[in-house]
1. Of the conditions (1) in contact with a helix residue (DSSP H, G or I) (Cβ under 8 Å, 6 or more places away or on another chain); (2) under 28 Å from Tyr118 (Cβ atoms), Thr286 fails just one. Which one is it?
2. For Val175, are the conditions met, namely being farther than 20 Å from Pro155 by Cα and in a strand (DSSP E or B)?
3. With (1) closer than 30 Å to Asp181 by Cβ; (2) open to solvent by less than 60 Å² (accessible area, probe 1.4 Å) as the list, and Ser282 as the residue in question, which single condition is left unmet?
4. Considering only the range 56-150, give the helices (runs of 4 or more DSSP H) lying wholly within it that have at least 2 residues that are small (Gly, Ala, Ser), out of contact with any helix residue (DSSP H, G or I) (no Cβ under 6 Å at 6 or more places or on another chain) and open to solvent by less than 50 Å² (accessible area, probe 1.4 Å).
5. Looking at the range 251-275, I want the residues that are farther than 19 Å from Leu77 by Cα and have a partner that is among the acidic types (Asp, Glu) and part of a strand (DSSP E or B) with Cβ atoms under 7 Å, at least 6 apart or on another chain. Which pairs are those?
6. Before we move on, is Ile185 closer than 16 Å to Thr245 by Cβ, touching a residue at least 24 places away in the same chain (Cβ under 8 Å) and over 24 Å from the mean Cα position of the chain (by Cα)?
7. For residues that are of a type outside the set (A, V, I, L, M), in contact with a Pro (Cβ under 8 Å, 6 or more places away or on another chain), in a strand (DSSP E or B) and surrounded by fewer than 19 Cβ atoms within 10 Å (Cβ to Cβ), tally how many sit in the range 193-243.
8. Testing Pro39 on (1) farther than 20 Å from Leu120 by Cβ; (2) over 21 Å from the mean Cα position of the chain (by Cα), one condition comes back false. Which one is that?
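The values are calculated or read from the model by the stated rules, or taken from the named source; none is laboratory data. The shown structure was predicted, so the numbers you read here are calculated from the model rather than taken from an experiment. Cβ sites come from the backbone with ideal geometry, for glycine too, and all protein chains shown count toward neighbours. Side chains are part of the model used for accessible areas, which takes the heavy atoms of the whole protein and leaves out ligands, DNA and RNA. Shrake-Rupley method; radii C 1.70, N 1.55, O 1.52, S 1.80 Å.
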Amino acid sequence: MQLNQVIIAHKAGDSLSKSWAEKCARQLESRNCRVLMGPSGPQDNPYPVFLASSTQPIDMALVLGGDGTALSAARNLAADRIPILAVNVGGNLGFLTESFEIFKDSEQVFDRLASDFYALQRRMMLQAQVFEGSSSNLDPVSDRFLALNEICVKPASADRMITSILEMEIDGEVVDQYQGDGLIIATPTGSTAYTVAANGPIVHDGMQAITVTPICPMSLSSRPIVLPAGSVVSIWPLADYELNTKLWTDSVLGTSIWPGQRVDVRMAEYRAKFIILRENYSYYQTLREKLQWAGARIRYSNNHRDN
């Protein structure tokens, strides 16, 4: 990998992340690399300015923070196919990030990148757009929203908890109507995020699939479903007299959905590209560590393993 121009995004409001960003910027500039640096957070999105001001290809984005910082980078950089090195500096869970222990010798990490000593993981993303009227109308009335974890359709109100009624079509066929707190349409990457908290399935992040999980449905028959990646999921809000239904992308508010409008969710044409530094990367080890799987309270030896 060439390191001629690099984005460094640090977690907004976190002093540790910022100090490491400044240190890495100095190291990269000493290698004659142009650095575009800024904070990333709920109120800070540096990527449009970085992309608009760049006069040459951006080789990589170094993202210092937690999963939220990494998700923001993926949504903004996937379309430009910029690889992301996400490092857990000031973050919490860190499902999408490399550990700080691997990165703390940052000069050695930059040497590895320049020598192509790393792996590249491509993760499926979703895209959503809002349309007027029936599924035959293919002229969107909204921007395209990208998500690495999930697209969520659910109501929001400042003064009370609201129940939504949502009708779901898959590839033009009505599947069910859901009364509850909303629907989560997730990627395999997102299956260990909001989806797993709503009792949805965990799907290996190397797969291409779409999961639909109801949030607190009022019917015991409303169950999560796993779909082929080529499916188009259409969501219609019903009986939303107070205009409370919203579209959320990776827990960030996208837009409001008006009566008579539908949201179409499908696999995005872009994939998020993440740089993996771990030489012994294991998805199952990540599950064990991040979800703190304890297994049985009594441990049994497996004497057959080496036979």
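1. Unmet condition: (1).
2. yes
3. (1)
4. 67-77
5. Gly260/Glu132; Gln261/Glu132
6. No: the conditions fail for Ile185.
7. Of the residues in the range 193-243, 0 are of a type outside the set (A, V, I, L, M), in contact with a Pro (Cβ under 8 Å, 6 or more places away or on another chain), in a strand (DSSP E or B) and surrounded by fewer than 19 Cβ atoms within 10 Å (Cβ to Cβ).
8. (2)
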